[in-house]
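Engineer: The structure's right below; bear with me while I get my questions together.
The values are calculated or read from the model by the stated rules, or taken from the named source; none is laboratory data. All values derive from a computational prediction rather than experimental measurement. Neighbour counts are summed over all protein chains in view; Cβ atoms, including those assigned to glycine, are modelled from backbone coordinates with ideal geometry. What goes into the accessible areas is simple: the full protein's heavy atoms, side chains included, and nothing from ligands, DNA or RNA. Shrake-Rupley method; radii C 1.70, N 1.55, O 1.52, S 1.80 Å.
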Amino acid sequence: MNTGEPLNFQKQCDNKPIDGKLLQDIIQRQSDCSVLAKKSRNGDGAKGTTRMNWVARDATAAHRGGERLSTKLAALTLMAKRNPKLKFTSVTGMLTDERFLKECFWEIKRNKAPGIDGVSVEGYRENLVENLKGLAKRLKEWKYKPQALRRTYISKGKDEKRPLGIPAVEDKIVQMGIKKILEAIYEVDFLDVSYGFRPKKNCHEALRVLDKAIMTEPVNSVVDMDAKKYFDTIDHNWLMRFLKERIADRNLLRLIGRFLNTGVMEYGKYTEVDKGTPQGGLISPILANIYLHYVLDLWLKTIRNKVKLEDWWRIYKMKLVGHYRYYGVSGNRASIDKFSWRTSELAFKWINRRSQKNSLTCAQYQQFLKYHPLPIPKIHHSLYTLSH
């Protein structure tokens, strides 16, 4: 019931640890009202800061259901943002809410081919209320099981085709629900440099950011990598381990596992799968992003210019010694002297670029070389024979 009292949402989220019970309490209290964020004037708080006040307002029956569902997802996002180590324990219940499933249904594209059951989106819509009621019941009683994917192929360049799995409409609804839940949680974890299959992000925006970085920042090289057949080769065990970093709801994990292990029906023949995500399924992009977040994005963030200077300098000196011993022959002194000078100059620039700003002057670098001298180029092999 809406009492008209302001929701102390900040205080609710400050309780630790935040578990599924607290989440349900937050959601329950917000179910009877809609939450409106208002900016207070500068005089209400510290100068130069903006404070967000969460206040309750009446919600009409016409829009209460939709806002209630949005509030649940917003609560997941806020909790995930406030506690990066929080593991969510009770989120599967949203999938048994007929209103949530109905919302997911209306977001499914209408012009797509049906799955192996032959039921189209419009066909499912004809008896939508009863269909969703039955789906919610089976999900609640754990009797729901995804159908096999209908395999088809799409062209990918010359003489190459990409396999595509088409889920049944009912499976698309459940996948859409899982997608919403996972995005609400993981979008706050994903790095800003990740653009693929992200809400409000796209490839064109990524190209604009890349262009700006290349044109305005000190960049010497660009790495182009392609994860070949990525969707088809994702390791299920590792993906589930990554999901458990944020999801402790066993029912949701089991449901995702069922989708991952859903087989493929092709020309009347059923084939089991033990790797990859259901390419063509609505759940695949978010699962792929979660996998890449842990195996690539965080790895790059962790190791970038993290190599200690002392370790790099030792390797640099060893390579110089190897170069001089091989190319240090009679008549080649000028070349190895030039090589020594040029590589030292590059080393100076590289040191300054480790923090994207100059951190060492020429004088300081010369002082550094006194305490960390480089090998001196010299001739190791005499090719001339003196005649007597």
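Engineer: Only one of these conditions is not met by residue 236: (1) open to solvent by less than 50 Å² (accessible area, probe 1.4 Å); (2) touching a Pro at 6+ places or on another chain (Cβ under 9 Å). Which number is it?
Structural biologist: Looking at each condition in turn, residue 236 falls short on (2).
Engineer: May I ask you to verify whether residue 187 is in contact (Cβ under 8 Å) with a residue 40 or more places away in the chain and acidic (Asp, Glu)?
Structural biologist: Yes.
Engineer: To continue, here is another question. Can you tell me which condition residue 267 does not meet? The list is (1) touching a strand residue (DSSP E or B) at 6+ places or on another chain (Cβ under 9 Å); (2) on the phi < 0 side of the Ramachandran plot, and all the others hold.
Structural biologist: Result: residue 267 fails condition (2) only.
Engineer: Report, by residue number, each residue of the range 319-351 that is open to solvent by 90 Å² or more (accessible area, probe 1.4 Å) and either modelled with pLDDT of 95 or more or within 24 Å of residue 363 (Cβ to Cβ) (or both). Spell out how you get there, then give the answer.
Structural biologist: In the first step, residues of the range 319-351 are kept if they are open to solvent by 90 Å² or more (accessible area, probe 1.4 Å); the result is 319, 325-327, 333, 338, 341-342, 349.
Listed by number, the residues that qualify are 338, 341, 342, 349.
Engineer: Right, something else. Can you confirm whether residue 218 is assigned to a strand (DSSP E or B), at pLDDT below 85 and over 25 Å from residue 70 (Cα atoms)?
Structural biologist: The answer is no for residue 218.
Engineer: Identify the residue in the range 370-384 that is more than 18 Å from residue 328 (Cβ to Cβ) and without any contact (Cβ under 8 Å) to a residue 12 or more places away in the chain and, among all such residues, is least open to solvent (accessible area, probe 1.4 Å).
Structural biologist: Taking the range 370-384 first, the residues more than 18 Å from residue 328 (Cβ to Cβ) are 370-372.
Subset that is without any contact (Cβ under 8 Å) to a residue 12 or more places away in the chain: 370-371.
Details: 370: 150, 371: 166 Å².
Among them, the one singled out is 370.
Engineer: Let me ask you something else. Only one residue in 297, 274, 235, 224 is farther than 22 Å from residue 83 by Cα, among the charged types (D, E, K, R) and within 18 Å of the chain's Cα centre (by Cα), so which one is that? Step through it out loud before you land on a result.
Structural biologist: Values: 297 fails: farther than 22 Å from residue 83 by Cα; 274 fails: within 18 Å of the chain's Cα centre (by Cα); 224 fails: within 18 Å of the chain's Cα centre (by Cα).
Selected residue: 235, the only one of 297, 274, 235, 224 that is farther than 22 Å from residue 83 by Cα, among the charged types (D, E, K, R) and within 18 Å of the chain's Cα centre (by Cα).
Engineer: Next up: Just one of the numbered conditions (1) within 27 Å of the chain's Cα centre (by Cα); (2) surrounded by 21 or more Cβ atoms within 10 Å (Cβ to Cβ); (3) in a loop (DSSP other than H, G, I, E, B) is not true of residue 112; which one?
Structural biologist: If we test residue 112 against (1) within 27 Å of the chain's Cα centre (by Cα); (2) surrounded by 21 or more Cβ atoms within 10 Å (Cβ to Cβ); (3) in a loop (DSSP other than H, G, I, E, B), just (2) comes out false.
Engineer: Give 160, 126, 187 a once-over and let me know the one that is open to solvent by 40 Å² or more (accessible area, probe 1.4 Å), under 24 Å from residue 293 (Cα atoms) and among the acidic types (Asp, Glu). Talk me through it step by step, then tell me what you get.
Structural biologist: Working: 160 fails: under 24 Å from residue 293 (Cα atoms); 126 fails: under 24 Å from residue 293 (Cα atoms).
From the options 160, 126, 187, the qualifying one is 187.
Engineer: Applying the selection to the range 305-318, what residues are open to solvent by 40 Å² or more (accessible area, probe 1.4 Å) and at pLDDT 90 or above? Quick ask: steps written out before the conclusion?
Structural biologist: First, pick out the residues of the range 305-318 that are open to solvent by 40 Å² or more (accessible area, probe 1.4 Å): 305-312, 314-315, 317-318.
Within the range 305-318, 314, 315, 317, 318 meet the criteria.
Engineer: Further question: Do you know which residues across the range 54-70 are surrounded by fewer than 17 Cβ atoms within 10 Å (Cβ to Cβ) and either touching a helix residue (DSSP H, G or I) at 6+ places or on another chain (Cβ under 6 Å) or modelled with pLDDT of 90 or more (or both)?
Structural biologist: 54
Engineer: Given the conditions (1) open to solvent by 10 Å² or more (accessible area, probe 1.4 Å); (2) in contact (Cβ under 8 Å) with a residue 60 or more places away in the chain, and given that residue 175 satisfies all but one, which numbered condition is not satisfied?
Structural biologist: Tallying (1) open to solvent by 10 Å² or more (accessible area, probe 1.4 Å); (2) in contact (Cβ under 8 Å) with a residue 60 or more places away in the chain, residue 175 fails exactly one: (1).
Engineer: May I pose another question? Pull out all pairs, ordered by first then second residue, where Cβ-Cβ is under 8 Å, the residues are six or more apart or on different chains, the first lies in the range 71-84 and is modelled with pLDDT of 90 or more and part of a helix (DSSP H, G or I), and the second is among the basic types (Lys, Arg) and surrounded by 15 or more Cβ atoms within 10 Å (Cβ to Cβ).
Structural biologist: 73/180; 80/246
Engineer: Residues in the range 198-208 that are closer than 17 Å to residue 224 by Cα and either in contact with a His (Cβ under 8 Å, 6 or more places away or on another chain) or surrounded by 13 or more Cβ atoms within 10 Å (Cβ to Cβ) (or both): how many?
Structural biologist: 1
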